[in-house]
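Worksheet: one structure, shown below.
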Amino acid sequence: MNGEGRPAPIELTPYYQTYVDRCSGENLFGALLDSLNKTKELAKRIPEDLGEHRYAPDKWSVKDVVQHMIDTERIFAYRALRFARNDRTELPGFEENDYALHTNTKARRIQDLFFEAEIVRGSSILLFQGFSEEMFLRQGTANGNPFSVRALGWIIAGHHVHHINVINERYLSHANA
């Protein structure tokens, strides 16, 4: 598939539409590359000593947010793979806060996390490039929500944009204040 077209409302729930709405254009691969480029630009602006920064005591660190972006992309790409292969099994959700509690981000460098995010995105792009038109439109259920394969790709792109905005608005502006 060439990646043209955004998902229709029946391909995802309104909650996830907010991520799709953060993307520009009408081409999935363009959206995935755009959010990757925004991630790379952000990586250039974050010094290592800001990796553990939290804008409030009960919030994730910058490194935790980047790890969350990576984890979520992997989970959503896995869902896309399952649905594209016509697996009708309803998939469970995941608790992002539990994941965040059990990462090893304190032992990692922020730039290594950004590099991992770049590698994971490359893998996701290759995965989606291998889907046919029919596969893109297949649907499944995860965490009680309907998703098309195409919608999952757009959500992956928009989720990154969302968190890039959060880092810029809440972490970097707070750290520089």
Report the semi-axes of the equivalent ellipsoid for the range 46-141 in whole Å, largest first, where each axis is √(5λ) for an eigenvalue λ of the Cα gyration tensor. 31, 16, 8
For the chain, find the longest principal axis of its Cα atoms and tell me its angle to the long axis of helix 28-45, 0 to 90°, nearest 10. 10
Give me the three principal axis extents of the chain from the C-alpha atoms, as integers in angstrom, largest value leading. 48, 30, 26
Taking amide hydrogens as modeled 1.01 Å from N in the peptide plane, which residues meet the under 5 Å criterion relative to ARG54, leaving out close sequence neighbours? none
Do any GluC sites (Glu not before Pro) in the range 1-95 lie in a loop, going by DSSP, with at most 16 other beta-carbon atoms within 10 Å of their beta carbon, and if so which? GLU26, GLU52, GLU90, GLU95
Where a Cα-Cα gap under 19 Å defines reach, which aspartates and glutamates qualify for LYS44, not counting those fewer than 8 residues away within the same chain? ASP34, GLU52, ASP64, ASP112, GLU116, GLU118, GLU169
Give the long-range amide H neighbours of ASP87: residues separated by 5 or more places, or on another chain, with amide H under 5 Å away, using H modelled in the peptide plane at 1.01 Å from N. none
Report the normalised scattering of the range 24-85 as log10 I(q)/I(0) at q = 0.14 Å⁻¹, calculated by the Debye formula with identical scatterers on the alpha carbons. -0.57
Which angle from 0 to 90°, rounded to the nearest 10, does the C-alpha axis of helix 62-84 make with the longest principal axis of the chain? 10
Taking amide hydrogens as modeled 1.01 Å from N in the peptide plane, which residues meet the under 5 Å criterion relative to GLU4, leaving out close sequence neighbours? LEU28
Can you tell me the 0 to 90 degree angle between the C-alpha axis of helix 110-129 and the longest principal axis of the chain, rounded to 10? 10
Relative contact order, percent, of the chain when contacts are C-alpha pairs under 8 Å separated by at least 6 residues? 42
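Taking the convex hull of the Cα atoms, report for the range 93-151 its projected area averaged over all directions, in nm². Don't skip to the end; give the middle numbers.
Values: hull surface 20.8 nm².
Result: a mean projected hull area of 5.2 nm².
Got the relative contact order for the range 1-95 handy, in percent, Cα pairs under 8 Å and 6 or more residues apart? Spell out each step's value before the answer.
On the way: 32 pairs, mean separation 14.7, N = 95.
Computed over the range 1-95, the figure is 15 percent.
Mind sorting ASP64, ASP112, ASP34 by how few other Cβ atoms lie within 10 Å of their own Cβ, fewest first? If you can, show how the numbers build up before the last one.
Values: ASP64 20, ASP112 14, ASP34 17.
With the sparsest Cβ surroundings first, the list reads ASP112, ASP34, ASP64.
Coordinate-derived values only; no laboratory data. In this text, all values refer to a predicted model and were calculated from it rather than measured experimentally. Heads up, the Cβs are rebuilt from the backbone with ideal geometry, glycines too, and the neighbour counts pull from every protein chain shown.
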